Amino acid sequence: MSPRIAIIGAGVSGCGAARRAAELGAKDIVVIDKATPASGSSGLSAGVYNAQTLRPLDIEIRVRERDLLFRFERDRGLPLARIGNLRFATQDADVGAFEHSLAFQRSLGATDARILSRAEIKKLVPDLAIDDVTAALYGPNDGHLDGHLLCSVMVEEAREKGVRFLLNTQLNAYRKDGSVHVLSTGGGEVEADIVINAAGAWAPQVGKTLGHPVAVNPEIHEVVRVKLPRDLGYTVPMCNFYVPGQAAEGIYFRQDGPDSLIAGLHTYDSVPGLAVTDPDNFSPPDGDDNFLKVAQMVTERLRVDDLGFRAGWCGLYPLSADGLFQVGPYKADPSVLVVAGLGGVGITSGVVLGALAAEWALLGKPVTVPRAEVCLPDRPSLLPEAA
């Protein structure tokens, strides 16, 4: 008999888990969210998707995610802004890493990316200051999307397969009767054989309720709006001056409309002073330091006179201490699973990470990306003494 599955959280990963569980044949699936789909970090991001990273695990997750996004675009009408994605190298070692990334992408069937020379970069983005840039890893079919629309597409697909969504429904309490998980919600009790915690920045709170802690640290990150003084005559692709593993945050910016960009600072590591203790009650970082830093760094990189800057919005990055995602069951109770620690790459990875959680629940292993077995939540690198 198909197990009953309860998924907590209707963001990208929760919706991804629901649609994959239904695809695998589960008949009784309910998604519980205290608000609406993508009302958390999934709807407050830069919306970027791309495969241009370095670690094989991350590359494979992103390539599989992008394949799904292309299918959603083709079959469900999901709007994708394929403006391209550039990740810049400033030293020879970066170029070597880009070459390895490119070769691995091609081994997975993603053949569109290439490495651009400085001259090719200037042709693509004439106003970019790249005297210190050696080359760039370029994905022409990468770009951005709206997190709310992405979740809406997955909700639609999941509902067609019988998934129920309890939205605007608070999880109030939890108990376990034998092998049955009983979730007390504002809409009544939900019984399940399997529970998946996909609550994003709220995953630690949900984990505490379930009795299975989630070791992620939500941080607040700010998106800044940039006003262009004129039509540049070209579309600014996603320009990412952060290489995984570098010591400091890197600036990113991309086109967001005919006369505007969005920009921010990105990293895969924790940033001191940005931790949020209560995801329901936080405010932008104190002072103008982040805003001014972003404005200065964009001005240094994009040589366009009279750029205007104004506040955008803030979202939460839930980060694991060791920088890896957390996906899969707990040793103490394999019927409780988690998908967490998506950081600032929820859009570009979350659908597949949710799918991996569903595969762990129903197949006992990750199938879409088998190497994701390293992401189990009980791994030693997440123990307090390893932090």
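The values are calculated or read from the model by the stated rules, or taken from the named source; none is laboratory data. Just so it is clear, the structure is predicted and the values come from calculations on it, not from any experiment. A quick note on method: Cβ atoms are made from the backbone with ideal geometry, for glycine too, and the neighbour counts reach across all protein chains shown. What goes into the accessible areas is simple: the full protein's heavy atoms, side chains included, and nothing from ligands, DNA or RNA. Shrake-Rupley method; radii C 1.70, N 1.55, O 1.52, S 1.80 Å.
Provide the solvent-accessible area of Ser107, counting protein heavy atoms only and rolling a 1.4 Å probe, rounded to the nearest 10 Å².
80
Leaving out ligands, DNA and RNA but keeping every protein chain, what accessible area does Arg379 have, in Å² rounded to the nearest 10, with a 1.4 Å probe?
20
Using only the heavy atoms of the protein chains and a 1.4 Å probe, how would Tyr49, Tyr268 rank by accessible area, largest first?
Numbers: Tyr49 0, Tyr268 45 Å².
These residues rank, largest area first, as Tyr268, Tyr49.
Could you work out how much longer the chain between His100 and Glu373 gets when fully extended? Use 0.36 nm per residue separation minus the Cα distance between them, nm to one decimal.
Details: separation 273, 0.36 × 273 = 98.28 nm, distance 2.21 nm.
Result for the pair: 96.1 nm of gain on full extension.
Would you rank Met297, Met238 by solvent-accessible area, highest first, keeping every protein chain in place and using a 1.4 Å probe? Mind showing how you got there, number by number?
Numbers: Met297 45, Met238 10 Å².
From most exposed to least exposed: Met297, Met238.
Tell me, what % of the accessible area of the chain is carbon and sulfur with a 1.4 angstrom probe? Numbers along the way, then the final one.
Values: 8010 of 15820 Å².
With neighbouring chains kept in place, the figure for the chain is 51 percent.
Starting from 0.36 nm per residue, how many nanometres of slack lie between Arg303 and Gln170 once their C-alpha separation is accounted for? Before the final figure, lay out each step's value.
Working: separation 133, 0.36 × 133 = 47.88 nm, distance 4.85 nm.
Full extension from Arg303 to Gln170 adds 43.0 nm.
Taking Cα pairs under 8 Å and at least six residues apart, what relative contact order does the chain come out at, in percent?
Working: 865 pairs, mean separation 92.3, N = 387.
Dividing the mean separation by the residue count of the chain yields 24 percent.
Can you grab the distance from the C-alpha centre of the range 44-62 to the C-alpha centre of the range 212-228, Å, no decimals?
If we compute the Cα centre of each part, the gap is 16 Å.
Through the Karplus equation 6.51 cos²θ - 1.76 cosθ + 1.60, θ set to phi - 60°, convert the phi angles of the range 291-303 into ³J(HN,Hα) values in whole Hz; use x for Gly and Pro.
4, 5, 5, 4, 4, 5, 5, 5, 4, 5, 8, 10, 7
In what order, largest first, do Asp333, Asp92 sit by accessible area if the probe radius is 1.4 Å? Don't jump to the answer; show the numbers that get you there.
Details: Asp333 25, Asp92 125 Å².
Output order, biggest surface exposure first: Asp92, Asp333.
Take every DSSP beta bridge with both residues inside the chain and express the antiparallel ones as a percent of the total, to the nearest 5.
Values: 54 of 72 bridges.
Here the share of antiparallel DSSP bridges comes out near 75 percent.
Stretch Ile115-Ala35 to full length: gain in nm at 0.36 nm per residue minus the Cα-Cα span? Don't skip to the answer; put the middle values down first.
Details: separation 80, 0.36 × 80 = 28.80 nm, distance 4.22 nm.
Taking 0.36 nm per residue and subtracting the Cα distance, the gain is 24.6 nm.
If I take R0 = 45 Å and measure r between the Cβ atoms of Thr235 and Lys161 in this structure, what FRET efficiency does the formula 1/(1 + (r/R0)^6) give, to the nearest 0.05?
Values: r = 37 Å, r/R0 = 0.81.
Calculated value: 0.75.
Using label points projected 7 Å from each Cα along Cα→Cβ, tell me how many nm separate Leu57 and Ala248, to one decimal.
Modelled inter-label distance: 2.8 nm.
For helix 12-23, report the angle its Cα long axis makes with the longest principal axis of the Cα atoms of the chain; keep it between 0 and 90° and round to the nearest 10°.
Value to nearest ten degrees: 50.
Are there trypsin sites (Lys or Arg not before Pro) in the range 243-319 that DSSP puts in a loop and that have at most 16 other Cβ atoms within 10 Å, and which ones? Don't skip to the answer; put the middle values down first.
Numbers: sites: Arg254, Lys293, Arg301, Arg303, Arg310; in loops: Arg303.
Counting only loop positions with at most 16 other Cβ atoms within 10 Å, the trypsin sites (Lys or Arg not before Pro) in the range 243-319 are Arg303.
Out of residues 5 or more away from Leu302 or on other chains, whose amide H comes under 5 Å of its own, with H placed 1.01 Å from N in the peptide plane?
Ala129
Quick check: the angle from helix 346-363's long axis to the longest principal axis of the chain, C-alpha only, nearest 10 degrees?
It works out to around 30 degrees.
Specify the angular offset, from 0 to 90 degrees and rounded to the nearest 10, of the alpha carbon long axis of helix 92-107 from the longest principal axis of the alpha carbons in the chain.
The angle comes out at about 50 degrees.
Testing the spin-label approximation: label points 7 Å from Cα along Cα→Cβ at Arg310 and Phe70. State their distance in nm.
Computed distance between label sites Arg310 and Phe70 equals 3.8 nm.
Using amide H atoms built in the peptide plane, which far-off residues or other-chain residues are under 5 Å from Phe165 H to H?
Here the answer is Val31, since their amide H atoms fall under 5 Å of that of Phe165.
Identify the chymotrypsin sites (Phe, Trp or Tyr not before Pro) of the range 151-235 meeting these criteria: DSSP loop state and at most 16 other C-beta atoms within 10 Å of the C-beta. Provide the component values of the computation, followed by the final result.
Details: sites: Phe165, Tyr174, Trp202, Tyr234; in loops: Tyr234.
Those that pass, being in a loop and sparsely packed, are Tyr234.
Output the relative contact order of the range 128-238, whole-number percent, from Cα pairs under 8 angstrom with separation of 6+ residues. Walk me through the intermediate numbers first.
Values: 64 pairs, mean separation 15.2, N = 111.
Dividing the mean separation by the residue count of the range 128-238 yields 14 percent.
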